[in-house]
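Enquirer: Next up is a structure, given as structure tokens.
The values are calculated or read from the model by the stated rules, or taken from the named source; none is laboratory data. Remember, it's a predicted structure, so these values are computed and weren't measured experimentally. So basically every Cβ, Gly included, is an ideal-geometry build from the backbone, and we count neighbours across all protein chains shown.
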Amino acid sequence: MTLLDLWLSHSIPMCLLLQSLVLMALCFPSASMCPKGCICQLDPHLHGLNVTCSQSRLKEIPPTLPVNTVLLRLDHNQIGAVPDQAFHGLRVLRELNLSYNAVETLGEGAFSGIEGTLQVLDLSHNRITSVHKDAFARLKARVIVDDNPWHCDCALQQAISGMAHNHEAAARVLCRSSELHDQEGRPFLAVDTDLCNLAKRTTDYAMLVTMFGWFAMVISYVVYYVRQNQEDARRHLEYLKSLPSKPKKPDEADDISTVV
């Protein structure tokens with residue numbers, strides 16, 4: 001066997017091995033791309049990754065998620081907050097499952113960057129009481145919000161009004177507490193009062209009461225000041241009256257007699 005034959009016999013398997021490694025690197029995520037405690041699998045139909053982090057005892061959203069994630073499962077964890085722009089780099093994300101966590105509130109930018117691609121957002125079975133009025137404004141996804149202890153106020157009413165395409169989800173929002181006590185435990189869509197105007201009226205009433213209180217204090221002080229001065233003037237006058245008359249001098253008496 002010549003030297004050329006020997007080299008070719010070894011180079012061809014090496015080339016095939018390198019080609020296989022390159023294809024694997026392109027088609028499958030490396031261990032460093034997949035967050036700790038999660039499983040990342042290629043979805044051939046959606047041309048992206050299914051990232052499953054369910055029941056991983058996560059307390060926050062993983063900071064480094066593969067940019068080609070199309071399905072992200074973060075359910076059954078202990079996540080307590082959704083920071084603004086937490087999913088900003090996931091430009092092909094289609095489904096996000098955050099159910100069975102401990103999220104309490106949602107800010108304006110919680111879902112910034114994924115409004116155009118997201119199709120399903122599951123927020124059920126959390127501890128959400130309040131949301132920013134624009135938290136769902138630009139989302140086109142089907143939002144699931146069952147079983148959360150909602151506080152029905154102006155901000156939530158504005159957020160719900162921005163979910164016109166999610167009427168079914170809005171119908172499942174139950175008021176755990178409310179600005180109107182008679183609405184507690186009832187569906188939020190049953191609230192026919194404009195809570196934003198109610199809050200404004202409450203603020204105006206509080207301001208009116210405060211102004212009236214200050215006005216009453218000023219009037220009381222003026223009355224007290226006038227009465228106190230009158231009392232001091234009366235005492236001063238009585239004091240002057242109580243003083244003995246000043247006796248006339250002898251020279252003054254003689255002058256008076258002379259004039260007469």
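Residue by residue, here is whether (1) among the β-branched types (Val, Ile, Thr); (2) touching a helix residue (DSSP H, G or I) at 6+ places or on another chain (Cβ under 6 Å); (3) outside the structural domain of Pro149 (by TED's automatic domain parsing); (4) closer than 23 Å to Val173 by Cα holds:
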site	(1), (2), (3), (4)
Leu65	no, no, no, no
Gln78	no, no, no, yes
Asn97	no, no, no, yes
Leu106	no, no, no, yes
Lys133	no, yes, no, yes
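Enquirer: With respect to Ile128, determine if the residue is within 21 Å of Ala171 (Cβ to Cβ), among the β-branched types (Val, Ile, Thr) and assigned to a loop (DSSP other than H, G, I, E, B). Before the answer, list the steps.
Expert: Values: within 21 Å of Ala171 (Cβ to Cβ): yes; among the β-branched types (Val, Ile, Thr): yes; assigned to a loop (DSSP other than H, G, I, E, B): yes.
Spelling it out, Ile128 is indeed within 21 Å of Ala171 (Cβ to Cβ), among the β-branched types (Val, Ile, Thr) and assigned to a loop (DSSP other than H, G, I, E, B).
Enquirer: Could I ask something else about it? Any idea which residue in region 187-216 is nearest to Ile128 (Cα to Cα), counting only those that are in a loop (DSSP other than H, G, I, E, B) and at pLDDT below 75?
Expert: Val191
Enquirer: Now a separate question. Can you name the number of the only condition in (1) assigned to a loop (DSSP other than H, G, I, E, B); (2) under 22 Å from Glu115 (Cβ atoms) that Gly37 fails?
Expert: The single condition Gly37 does not satisfy is (2).
Enquirer: Does at least one position in region 138-145 carry a residue that is under 30 Å from His47 (Cα atoms), basic (Lys, Arg) and either touching a residue at least 60 places away in the same chain (Cβ under 8 Å) or not in a loop (DSSP other than H, G, I, E, B) (or both)? Steps first, answer last, please.
Expert: So the first thing to find is which residues in region 138-145 are under 30 Å from His47 (Cα atoms), and the list is 138-145.
Still in the list and also basic (Lys, Arg): 138, 140, 142.
Next, from what is left, pick out any that are either touching a residue at least 60 places away in the same chain (Cβ under 8 Å) or not in a loop (DSSP other than H, G, I, E, B) (or both): 142.
Checking region 138-145: at least one residue is under 30 Å from His47 (Cα atoms), basic (Lys, Arg) and either touching a residue at least 60 places away in the same chain (Cβ under 8 Å) or not in a loop (DSSP other than H, G, I, E, B) (or both).
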